[in-house]
1. Somewhere in the range 116-132, is a residue touching a Lys or Arg at 6+ places or on another chain (Cβ under 9 Å) and without any contact (Cβ under 8 Å) to a residue 24 or more places away in the chain?
2. For Leu71, which of the numbered conditions (1) touching a Pro at 6+ places or on another chain (Cβ under 7 Å); (2) part of a strand (DSSP E or B); (3) surrounded by 20 or more Cβ atoms within 10 Å (Cβ to Cβ) fails to hold?
3. Output the residues belonging to the range 119-134 that are modelled with pLDDT of 75 or more and surrounded by 13 or more Cβ atoms within 10 Å (Cβ to Cβ).
4. If I ask for residues that are in a helix (DSSP H, G or I) and of a type in the set (Asp, Glu), which ones from the range 115-147 would you list?
5. Filter the range 78-95 down to residues that are farther than 18 Å from Tyr146 by Cβ and out of contact with any Pro (no Cβ under 7 Å at 6 or more places or on another chain) and give me whichever is surrounded by the most Cβ atoms within 10 Å (Cβ to Cβ).
6. So which residues in the range 135-153 are within 21 Å of Tyr62 (Cβ to Cβ), of a type in the set (A, V, I, L, M, F, W, C) and either loosely packed, with under 14 Cβ neighbours inside 10 Å or free of Cβ contacts under 8 Å to residues at least 60 places away in the same chain (or both)?
7. Against the conditions (1) open to solvent by less than 70 Å² (accessible area, probe 1.4 Å); (2) over 18 Å from the mean Cα position of the chain (by Cα), where does Thr156 fall short? Just the number, please.
Amino acid sequence: MTSDTRPDSAARSVPCGHLTLAPEAPCLAPLCVPATLESLDRVAQFVLAVGRAGGLDTGALYRLRLAADELATNIVMHGYRGTAGHLTVTGGVDADRVWVRFEDGAPAFDPRRGMHAPDLAVPLAEREVGGLGVFLALTAVDSFSYELLDGHNVSTLALRRGLHD
């Protein structure tokens, strides 16, 4: 499925037999892809299309893609752990923000769990592995929310419009 910018796409339900979420309006048609590394480029292109539709500048687009790439990669690599699954991505533009929502059926996991700022006093070679990507990603966006709905992880990233020029 490819992205669709028609205004009536906001009323469509999320594909792949997942939840039907009431998206903010207007939004691009949902993108549903296999939860594989090969699908991550399609997810990135979708996220960039959402950001461009919302008029985000280059820096804000970069931050949105950074956060989305980290979240999608973690869903594929750590959520599904090589088992078959799907990732549904929805995005849209509100009057004051651009948002991207990820939904997956992997085991429940809130990306904020265990997230902490890196201890810059500890040399890089001695730091614990893990968590830095999520920290960087979620601090790159203006807001992040997570919900477990009907057994599905639902994570939403958002950037305020017009504040990143």
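The values are calculated or read from the model by the stated rules, or taken from the named source; none is laboratory data. Note that this is a predicted model, so its numbers are computed, not measured. Cβ atoms come from the backbone with ideal geometry, glycine included; neighbour counts cover every protein chain shown. The protein model used for the area step is the full one, side chains on, heavy atoms only, and it has no ligands, DNA or RNA in it. Shrake-Rupley method; radii C 1.70, N 1.55, O 1.52, S 1.80 Å.
1. So far as the range 116-132 goes, yes, one or more of its residues are touching a Lys or Arg at 6+ places or on another chain (Cβ under 9 Å) and without any contact (Cβ under 8 Å) to a residue 24 or more places away in the chain.
2. The one condition Leu71 does not meet is (2).
3. Selection gives Arg127, Gly133, Val134.
4. Glu126
5. My answer is Asp94.
6. Phe135
7. Status for Thr156: all satisfied but (2).
Residue-by-condition table, conditions (1) modelled with pLDDT of 95 or more; (2) open to solvent by less than 10 Å² (accessible area, probe 1.4 Å):
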site: Pro26; (1), (2): no, no
site: Pro30; (1), (2): no, yes
site: Gln45; (1), (2): yes, no
site: Ala53; (1), (2): no, no
site: Leu56; (1), (2): yes, no
site: Tyr62; (1), (2): yes, no
site: Arg65; (1), (2): yes, no
